[in-house]
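The values are calculated or read from the model by the stated rules, or taken from the named source; none is laboratory data. Note that the coordinates shown come from a computational prediction; the quantities given were computed from them, not determined experimentally. Ideal geometry is used to build each Cβ from the backbone, glycine not excepted, and the neighbour counts take in all protein chains shown. Just so you know, the surface numbers come from the protein's heavy atoms only, side chains and all, with ligands and any DNA or RNA stripped out. Shrake-Rupley method; radii C 1.70, N 1.55, O 1.52, S 1.80 Å.
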Amino acid sequence: MNRMKLKSLFIANALLLGAGFMANAQADTNTQSGNAALIKQGEYVSRLGDCGACHTVAGKPAFSGGLAINSNLGTIYSTNITPDKDHGIGGYTEAQFSDAVRKGVLPDGTRLYPAMPYPDYAKINDEDMHALYVYFMQGVKPSAEQPPETDLSFPFSQRWGMRFWNWAFASDKPFKPIGGASEQVNRGAYLVESLGHCGSCHTPRGFGMNEKALDSSDSDFLAGGSLNNWDVPSLRGVAHWNEQEIVDYLGKGRNDKAAVGGEMTSVVENSTAHMTDDDLKAIAAYIKFLGGNPPVPAEDTQKASATEAKLTTAKNLSEGERLYLDNCGACHFVTGKGAPGVFPQLDQATIVNAKDPTGLIHTILAGAQQPSTARAPSTLAMPGFANRLTDEEAAQLSTFIRQGWGNNAPAVTAKDVSEVRKTLTK
């Protein structure tokens, strides 16, 4: 073979090798790009599922667990769900990960307690589950943090018994779209019934501490309940808000009528504030689609005007009225209407008119702080008055608020306040 042929052959081989190298490099780039997109999708799905609220503790690595969840069974501690192989879920296959999330069953057969909302997560579709798995395995930093072990008293310590609980109260049925509903409503239904696990708080509980319903086919679904003695309102229709007000509340943590408090503060901060506008609108459309709540009664303008007039003249005030002007009037005003988007309404507010006054009493004693979100970055806080008001004074103030303007709720006693005060963190 002459020198020219050898040179030509060498050039040809070099070109082939170069082309192969470029093809492999392009394939690697495409794979990396695909994984990056999948990880980003999985991170968003984790926000939809509010995973961080339970599995991340302030001052600890993300998703390393350790949050103490108080339940009627005792204290349950969230687990480490980082990809650490010894302390987290790094050794899970995708099928094992799915079983833990959807069925509450760990690779070794251990049964999770339904503080992990797997009865709702059972409806997560395969696409979102795959993205979630990729995110936790490739997008989350491993942590060797070892959370406290959950150690409930007998018989609740017998986790094998959860097999029978699951048989009685859980379901492995996938999400079922609502026939005849729009694509937007069904997107909202999927988010609320599965990843959002809204029913875990907003659906009443049965005798087995189970959600009485898991989807919109049952009128108990999202019909309201109780959480740590706070009344949890019904979400069926939310007659007192329009769709944009629902979107603002979830996306900003506030709207022109109300601001988040209690457990919803964490939900907004860790989950709903990170949702896209389209998903928030879908949730609002679904909630309105459900209906079921009675219409808001016509405002008793005569009673509201009488309260406003008396507070304005500030004469012959009751103890509750005087305490209101001294402690609350500067922000919520004599009208009880507050300032739209800044200070929430007290007139006809859900927390004010709740059957159980715990939420209102807790807010008066401990104060509240609106979360800072991308859509509403300013952090607005209400101070607590626990050190300023006696139990009797807080009771008088609460009673006035619950019965002033258009409100019509039972009176609060000093004993009610005392019981709430005992639960405050020192």
Notebook entry, point to check: Quick one: with all protein chains in place, what share of the accessible area of the chain is carbon or sulfur, to the nearest percent (1.4 Å probe)?
Noted result: 56 percent
Check: Roughly how large, in nm² to one decimal, is the mean projection of the convex hull of the alpha-carbon atoms in region 83-212?
Finding: 9.4 nm²
Margin query: With the crude spin-label approximation of a point 7 Å out along Cα→Cβ, what separation in nm comes out for A68 versus E127?
Written below: 4.2 nm
Next item on the list: First measure r as the distance between the Cβ atoms of R375 and E183, then evaluate 1/(1 + (r/R0)^6) with R0 = 22 Å and state the FRET efficiency to the nearest 0.05.
Entry: 0.35
Notebook entry, point to check: What nm value, rounded to one decimal, do you get for the distance between K141 and A95 when each label is placed 7 Å out toward the C-beta?
Noted result: 3.4 nm
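Using the C-alpha gyration tensor of region 52-103, what are the square roots of 5 times its eigenvalues, in whole angstrom, with the largest one first?
Equivalent-ellipsoid dimensions as semi-axes: 20, 15, 8 Å.
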Notebook entry, point to check: For the chain, what is the charge dipole size about the Cα centre, in debye to the nearest 20, if Lys and Arg each add +1 at the Cβ and Asp and Glu each add -1 at the Cβ?
Noted result: 780 debye
Notebook entry, point to check: Peptides 339-347, 310-318: what's the order by average Cβ count within 10 Å, highest mean first?
Noted result: 339-347, 310-318
Next item on the list: Quick one: which residues, 5+ away or cross-chain, put their amide H under 5 Å from the amide H of Q369? H built at 1.01 Å from N.
Entry: M382
Notebook entry, point to check: Order of 178-189, 160-171, 131-142 by packing, highest average Cβ count within 10 Å first?
Noted result: 131-142, 178-189, 160-171
Note to self: Run the simple label-point estimate for K40 and Q302 please: 7 Å along Cα→C-beta, distance reported in nm.
What the structure shows: 6.1 nm
Checklist line | Hydrodynamic radius of the chain per Kirkwood, over alpha carbon pairs, in Å | finding: 24.4 Å
Check: For region 222-364, what percent of Cα pairs sit more than 25 Å apart?
Finding: 33 percent
Next item on the list: Can you check what the Kirkwood hydrodynamic radius comes to for region 329-426, Cα pairs only, in Å to one decimal?
Entry: 14.0 Å
Margin query: Hydropathy at least 0.5 by Kyte-Doolittle, axial extent at least 30 angstrom from the Cα trace: which helices of the chain, defined as entire DSSP H runs, fit?
Written below: none
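How about region 46-121: which trypsin sites (Lys or Arg not before Pro) there lie in a loop by DSSP and see at most 12 other Cβ atoms within 10 Å?
Sites meeting the loop and neighbour criteria: K85.
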Checklist line | Accessible solvent surface per residue of the chain, calculated while the other protein chains remain in place, 1.4 angstrom probe, Å² | finding: 53 Å²
Check: On full extension of the chain, what length is gained from S318 through S226, given 0.36 nm per residue of separation minus the C-alpha to C-alpha distance?
Finding: 30.0 nm
Item checked: Linear extension gain, F207 paired with K422, 0.36 nm per residue minus alpha-carbon span -> 74.7 nm
Next item on the list: Please give the length that would be gained between N408 and D356 if that part of the chain were fully extended, namely 0.36 nm times their separation in residues minus their C-alpha to C-alpha distance (nm, one decimal).
Entry: 17.4 nm
Next item on the list: Against the globular-protein guess of 2.2 N^0.38 Å, express the Cα radius of gyration of region 119-176 as a ratio, rounded to two decimals.
Entry: 1.56
Notebook entry, point to check: So how far, in whole Å, is the C-alpha centre of region 180-231 from the one of region 42-111?
Noted result: 22 Å
Checklist line | Ratio of the Cα radius of gyration of region 78-136 to 2.2 N^0.38 Å, where N counts its residues | finding: 1.04
